[in-house]
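Working notes, structure below.
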Amino acid sequence: MKQSFFINKIEILKRYKPVDSNAHKGIQGHALIIEGSYGKMGAAVLSSKACLKSGCGLVTAYVPKIGYEILQISNPEVMTLTDESEKYISNIAFDIKPQAIGIGPGLGQEPKTQKAVHRFLISNKTPLVIDADALNILSVNKEWLALLKPKTILTPHPKELQRLIGNWNSEEHKFDKTIAFSKQYDLIVVMKGAPTHIIDGETVYQNTTGNAALATAGSGDVLTGIITGLLAQSYEPLNAAILGVYLHGLTADIALPETGHQSFIASDIISYLGKAFLSLENKQ
């Protein structure tokens with residue numbers, strides 16, 4: 001039986017963990033984001049920076065060689081590992097031990113990239129956020145969904161969701177199909193939209209923050225970074241998804257009087273994350 005809840009500040013404060021005054025980077029989590037391809041390195045820049053700004057202690061970006069200088073110059077605080085291929089990821093290999101991994105922003109769907117994603121999913125044991133082209137790769141290789149660890153977080157926009165679960169003929173039908181999909185594979189689905197919903201089996205959480213300013217290129221890449229960062233900080237997957245979506249929307253609500261809808265871009269989500277966190281610290 002479907003249960004529905006609204007994600008408001010009261011619910012968020014039950015889940016939010018203020019940073020310990022004695023914290024250091026070694027205990028604030030290490031996140032890895034596998035991302036980027038030729039012409040789409042901006043997605044990697046945005047998601048890895050958002051991951052850092054979510055409070056994560058260490059962030060590593062795994063990118064094709066073409067992205068090395070781009071990441072090092074644009075995000076000096078982010079560590080960078082490179083694939084053996086120049087323009088796209090072809091073999092996901094790393095010797096670090098992150099607490100959470102994000103995969104998908106700007107990844108592309110090259111055949112070698114798809115094979116690399118398959119090999120990665122077979123061996124991965126780390127909490128995972130899947131977005132963008134990694135979702136599209138799964139949608140054309142649906143048998144790989146069975147490889148995902150329980151409570152893996154998927155963050156599809158409507159078209160990506162449609163590719164994963166098939167067509168629907170009404171909002172109710174869409175929810176029924178997404179709930180069935182979530183239950184079948186034991187996944188958390190962040191169903192992006194206005195408003196965004198988080199679906200965990202038969203429990204549906206409706207976000208209450210955000211506005212039309214978020215309908216801008218790169219917004220989803222930033223959300224992936226935020227959720228991955230929270231997951232690396234030892235939030236349970238459901239709470240990482242709920243808190244990430246809430247903060248992502250809250251940045252646009254805080255920024256709107258200053259930026260308007262038209263001039264708000266994905267980088268602004270990152271810029272306003274600090275104010276969004278501060279609003280949680282202010283219990284009013």
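Dividing the Cα radius of gyration of the chain by 2.2 N^0.38 Å, with N the residue count, gives 0.93. Placing unit charges on the Cβ atoms of the charged side chains and taking the dipole of the chain about its Cα centre, the candidate lying farthest along the positive direction among I89, L231, G260 is L231. Couplings 3J(HN,Hα) for the stretch 259-272, derived from phi with the Karplus relation 6.51 cos²θ - 1.76 cosθ + 1.60 (θ = phi - 60°), are 9, x, 5, 5, 8, 7, 10, 4, 4, 5, 4, 5, 4, 9 Hz, where x marks Gly and Pro. Projecting label points 7 angstrom from Cα along Cα→Cβ for E143 and K125 puts them 2.6 nm apart.
In the stretch 63-186, the C-alpha radius of gyration followed by the widest Cα-Cα span (Dmax) gives 15.7, 47 angstrom.
Whole-Hz Karplus values for the stretch 169-174 come out as 10, 6, 4, 4, 5, 4 Hz, taken residue by residue from phi with 6.51 cos²θ - 1.76 cosθ + 1.60 and θ = phi - 60°; glycine and proline positions read x. Round to the nearest 0.05 the FRET efficiency obtained for E11 and D176 when R0 = 25 Å and r is the Cβ-Cβ distance. According to the calculation, E is roughly 0.55. Place a point 7 Å from the Cα of Q109 along the Cα-to-Cβ direction; which residues of the stretch 127-164 have their backbone N under 13 Å from it? Of the residues in the stretch 127-164, 132-142, 159-164 have backbone N under 13 Å from the label point off Q109. Taking the convex hull of the alpha carbon positions in the stretch 203-242 and averaging its projected area over all directions gives 3.3 nm².
What you get for the stretch 1-136, charging only the Cβ of Lys and Arg (+1) and of Asp and Glu (-1), is a dipole of about 520 debye around the Cα centre. With the convex hull drawn around the C-alpha atoms of the stretch 144-231, the volume per residue stands at 110 Å³. Taking a point 7 Å out from the Cα of A194 in the direction of its Cβ, the residues of the stretch 235-279 whose backbone N falls within less than 18 Å of it are 246, 248-266, 269. When the chain is treated as a GNM with alpha-carbon contacts under 10 Å, the residue of Q28, Q114, Q72 showing the greatest mean-square fluctuation is Q72. Our coupling estimate for the stretch 274-279, obtained by passing each phi through the Karplus curve with A = 6.51, B = -1.76, C = 1.60 and θ = phi - 60°, is x, 5, 5, 5, 4, 5 Hz, Gly and Pro reported as x. Proximity of backbone amide H atoms, modeled 1.01 Å from N, is registered between V59 and A31, M79 at under 5 Å, excluding neighbours fewer than 5 places apart on the same chain.
One way to sum up the overall shape of the stretch 39-82 is the equivalent ellipsoid from its Cα gyration tensor, whose semi-axes run 16, 10, 8 Å, largest first. Here I27 and A93 are evaluated by their C-beta separation; at R0 = 25 Å the FRET efficiency comes out at 0.40. For the stretch 76-129, what is the Kirkwood estimate of the hydrodynamic radius, computed as the reciprocal of the mean inverse distance between distinct Cα atoms, to one decimal in Å? Taking every pair of different Cα atoms in the stretch 76-129, averaging 1/r and inverting gives 12.2 Å.
Where a number appears in this text, it was derived from the coordinates with a stated rule and is not lab data. Please read all numbers here as calculations on a predicted model, not as lab measurements. Please note: Cβ atoms are built from the backbone with ideal geometry, for glycine as well, and neighbour counts cover all protein chains shown.
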